[in-house]
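As structure tokens, the structure follows; a few thoughts come after it.
Every number in this text was worked out from the coordinates using simple rules, so none of it is lab data. As the structure is a computational prediction, the values presented were derived from the model and not from experiment. Cβ atoms come from the backbone with ideal geometry, glycine included; neighbour counts cover every protein chain shown.
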């Protein structure tokens, strides 16, 4: 399908819980899981849905998410749970930009890491009678049945570069203790079979959900979302889920859901400098999140800050996929706000949060915070829910109202300056 036709396809197609996402070739139609909805690539960010509230798909998703999360929650570590399952983090990641664009910025630590580490070995591998390859790098053990050589060749380079980005984008983070397993299948049928193998109790609930994948206990299970050898959507989702995969294996204390998801979306944006060059990761190059945020701003429908940080993705999904898309766009913007606003005013606090999560002192700091106690928070039950304003109060600000005003103003500036 020519590039021009692809963009038109994305803009004109609608999606519900069981149809192809805009940007999908009809031969690759599957329901959306993550929250990267192609409908927002060329128009309003909201996604049509069968009805508000308890649709069959939403109810199934909520059940699975409550057990541990769908694609990208990075949550519970209980056996059989989906540690990272977000109904909004894994749908297609469309873009109206070409896949390969000239490089205008020098590569950072992430791309240097990928260039230096690279691929260590490659050998035949098969799954359910389908031929594939097992590719080992310093930090990944990749199993794939993708049949496009150019995509397979990009996988190890991209994933090592993404890990380098995770470890250097905000603070210096440690490497994973052991290579992380990633399964990237050619089609959904293979993905469903592997899902049954990895999470048998939740597999049936995932069948009706959508396009993308999940990560659990440091294992990512994805499949090819593009067509004809393209790779943008597949790799962007790999970057999102890869962040959850990394935190599951490296962070001793889990982050609140809004920040875990915000950082995962922050890691999605990337560009290629050429077919043989490593990718460059840039959080601003995230058209889908940006266009969703723009639509929300234009309609004056920003989710209030306290609601944004006090509800889980599954709760937003139950209210409609449009709300879930808004959630992901806003936590993307909130993470950028913490990193960038006012020459990095809040960045030192965010850096402390991440350091404490790695060290295992994050939860203790929140529990012991006088601000949290004064606001009525306390106890480990509060932390197990992974929602609420407690991290903001303990680390970032005591004045949530002023903080929210700054954040809202930043969101407005973000959508007006993007295309300058």
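Annotations
- A simple packing score, the average count of other Cβ atoms within 10 Å per residue, orders the peptides 178-187, 264-273, 294-303 as 264-273, 178-187, 294-303, with the highest score first.
- Protection proxy ranking, highest mean first, for peptides 277-289, 353-365, 228-240, 125-137: 228-240, 277-289, 353-365, 125-137, where packing is the per-residue count of other beta-carbon atoms within 10 Å, averaged.
- D (Stokes-Einstein, µm²/s), Kirkwood Cα radius, region 149-197, 0.890 mPa s at 25 °C: 189 µm²/s
- Mean Cβ neighbour count within 10 Å, used as a protection proxy, ranking 380-386, 163-169 highest first: 163-169, 380-386
- Distance between region 173-201 and region 366-420 - C-alpha centres, whole angstrom: 33 Å
- Net length gained if the chain between residue 147 and residue 381 were fully extended (0.36 nm per residue, minus Cα distance): 79.6 nm
- Dimensions in Å of region 287-417 - Rg and Dmax from alpha carbons: 15.1, 42
- Taking the Cα atoms of region 168-325, the ratio Rg/Rh between the radius of gyration and the Kirkwood radius comes to 0.96.
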